[in-house]
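Worksheet: the structure to be examined is printed underneath.
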Amino acid sequence: MPCDGQNDRQIPSLVATVIHAFRILCATVVRRRSPGKYIFSPTLFSFLQMMSIRLKMWKVRFPLPLAMYAKTLLKFPNFCTKTAVPSTTPPERGVVIEFLLKKCSLTEEDISKSFKHCSRFLRSKSVQNCEAVLELLNGCGLTTPAQIRKVTLYSPKLFFYRFKIIKPKFNFLRTFMKEEDIAKLIYTNARCIELSENRLKSTVLVLRKLGLEDEALSELVARQRRLFTALEKDVIESFKEVEDLGIKKGSKMFAYALQAILGLGKERLDRRRLGLSYLGFSEKQISVILRRMPMVLGLSEEKVKRNVHFLVNSVGLPLDDFLKYPFLFSSSLEKKIIPRYRVTEVLKSMKVLKTEVSFPKIFELTEKCFLEKYVNSNAEFSRVLLDIYHGGKAEKLQGDM
């Protein structure tokens, strides 16, 4: 029997032999597919795990110098010092992404943005539900690529709600809405389908209690996107406010007024009315303005103030003109009113205009009609007038107040 000292001297040789065998195993298991890239089989990983456990045991049983000696031998320059080269092959597209690209007319950028917070839907293995929902949309008139694209961008989760939950909602809408109105509702407010069926039914019940039925109800729901998400008391209060304006129930203007008022609330509505009275309008004039153009309530107080001040103080319009032409409240000062006013004033100073002009009618023209009638028709000064027109669009109001 060899002595302990001889046994200790043989141990490093034994370790070297084991490690050499380990390297041979690695050479057979690790294969190069391309320069700098290696494939590791499960067998190699199992062997690595076993060897790591064994080395820990040796480190405990053997002296420290022997453990350090074993570490120096565990070097694998053939594959441990290199990193895999990333593949240049694009990842395979899933069936959902293919559906969104081909059937919904989305781009890869659209998909990345729209599904940023719900990317889990993109990993679905089937598009059967998506196809069924698409068929529902086609059935109510949403057939063009542009329409489907807009609906998908506005409500990317729509195609992934279970068909058996969505279909009853469409069936309920068909009980009181025309197909074209359903298409209009989904096109402008697809997220309403994400609400529960009970919520849809309760909203329609409230509207029926307020006296809306048949075609009037269908058109109002199609045009008013906030009805399904607003509180019942807010809908009732807003409904009463619109009725007090004297607008016919069920008309298009009624829907526009309800949309403007429903988004404001009682307090802000009173503040809008007070702002118009500060500008010099009487209560009677305010009622006429709101009846003819309720969307004025949706404009900011600052915009209304700036438009009225410029048109009254600089252009010289009477307040009654705002009742005849309520679009003056919403027209852009920098892009339309100021440039056209300056061109008209230059033409008047050159005595080119032979008749008195009506500024509201000038502001009402489309840009193409205005340029043809007041700029291009004066060939001698057209270039100067065009410079004045475009210069006025870029300048601010302060210099004209």
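List the helices (runs of 4 or more DSSP H) inside the range 283-385, counting only whole elements, that have at least 3 residues being of a type outside the set (Asp, Glu) and over 40 Å from the mean Cα position of the chain (by Cα).
Numbers: elements: 283-292, 301-309, 320-324, 338-349, 359-364, 367-370.
It comes to 338-349.
Taking interchain pairs and intrachain pairs at least six residues apart, which have beta carbon atoms under 9 angstrom, with the first residue in the range 89-101 and at pLDDT below 85 and the second not in a loop (DSSP other than H, G, I, E, B)?
Cβ pairs passing all conditions: Arg93/Leu101.
Would the range 165-177 turn up any residue that is of a type in the set (D, E, K, R), more than 20 Å from the chain's Cα centre (by Cα) and buried (at least 18 other Cβ atoms within 10 Å of the Cβ)? Steps first, answer last, please.
Taking the range 165-177 as the starting set, the residues that turn out to be of a type in the set (D, E, K, R) are 167, 169, 174.
Keeping just the survivors that are more than 20 Å from the chain's Cα centre (by Cα) gives 167, 169, 174.
Narrowing further to those that are buried (at least 18 other Cβ atoms within 10 Å of the Cβ): 169.
Yes.
Would you mention how many residues in the range 198-213 are open to solvent by 60 Å² or more (accessible area, probe 1.4 Å) and either in a loop (DSSP other than H, G, I, E, B) or touching a residue at least 24 places away in the same chain (Cβ under 8 Å) (or both)?
Keep residues of the range 198-213 that are open to solvent by 60 Å² or more (accessible area, probe 1.4 Å), which gives 198-199, 201, 205, 208-209, 213.
With the extra rule that they be either in a loop (DSSP other than H, G, I, E, B) or touching a residue at least 24 places away in the same chain (Cβ under 8 Å) (or both), the set shrinks to 199, 201, 213.
Of the residues in the range 198-213, 3 are open to solvent by 60 Å² or more (accessible area, probe 1.4 Å) and either in a loop (DSSP other than H, G, I, E, B) or touching a residue at least 24 places away in the same chain (Cβ under 8 Å) (or both).
Determine whether the range 362-369 contains at least one residue that is among the hydrophobic types (A, V, I, L, M, F, W, C), under 25 Å from Met253 (Cβ atoms) and open to solvent by less than 20 Å² (accessible area, probe 1.4 Å). Even if it seems obvious, please write down each step before you answer.
Our first condition is that a residue be among the hydrophobic types (A, V, I, L, M, F, W, C); within the range 362-369, this holds for 362-363, 365, 369.
Next, from what is left, pick out any that are under 25 Å from Met253 (Cβ atoms): 363, 365.
Those left that are additionally open to solvent by less than 20 Å² (accessible area, probe 1.4 Å): 363.
Scanning the range 362-369, I find at least one residue that is among the hydrophobic types (A, V, I, L, M, F, W, C), under 25 Å from Met253 (Cβ atoms) and open to solvent by less than 20 Å² (accessible area, probe 1.4 Å), so the answer is yes.
Kindly list the number of the only condition in (1) within 26 Å of Val308 (Cβ to Cβ); (2) of a type in the set (A, V, I, L, M); (3) part of a helix (DSSP H, G or I); (4) within 30 Å of the chain's Cα centre (by Cα) that fails for Val235.
Result: Val235 fails condition (1) only.
Does the range 339-351 contain at least one residue that is open to solvent by 40 Å² or more (accessible area, probe 1.4 Å) and among the acidic types (Asp, Glu)?
yes
With the structure loaded, tell me whether Leu185 is open to solvent by less than 10 Å² (accessible area, probe 1.4 Å), modelled with pLDDT of 90 or more and within 28 Å of Leu153 (Cβ to Cβ) or whether it fails that test.
Values: open to solvent by less than 10 Å² (accessible area, probe 1.4 Å): yes; modelled with pLDDT of 90 or more: no; within 28 Å of Leu153 (Cβ to Cβ): yes.
Criteria not met by Leu185.
Condition check ((1) of a type in the set (Phe, Trp, Tyr); (2) under 29 Å from Leu212 (Cα atoms); (3) touching a His at 6+ places or on another chain (Cβ under 9 Å)) across all residues:
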| position | (1), (2), (3) |
| --- | --- |
| Asn138 | no, yes, no |
| Thr143 | no, no, no |
| Val151 | no, yes, no |
| Leu158 | no, yes, no |
| Tyr161 | yes, no, no |
| Phe170 | yes, yes, no |
| Glu179 | no, yes, no |
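Working only within the range 301-313, note down all residues that are surrounded by fewer than 16 Cβ atoms within 10 Å (Cβ to Cβ), closer than 18 Å to Lys336 by Cα and free of Cβ contacts under 8 Å to residues at least 40 places away in the same chain.
Glu302, Lys303, Lys305
The values are calculated or read from the model by the stated rules, or taken from the named source; none is laboratory data. In this text, all values refer to a predicted model and were calculated from it rather than measured experimentally. In this analysis, Cβ positions are derived from the backbone assuming ideal geometry, glycine residues included, and neighbour counts consider all displayed protein chains. We work out accessible area using only protein heavy atoms, side chains counted, and drop any ligands, DNA or RNA first. Shrake-Rupley method; radii C 1.70, N 1.55, O 1.52, S 1.80 Å.
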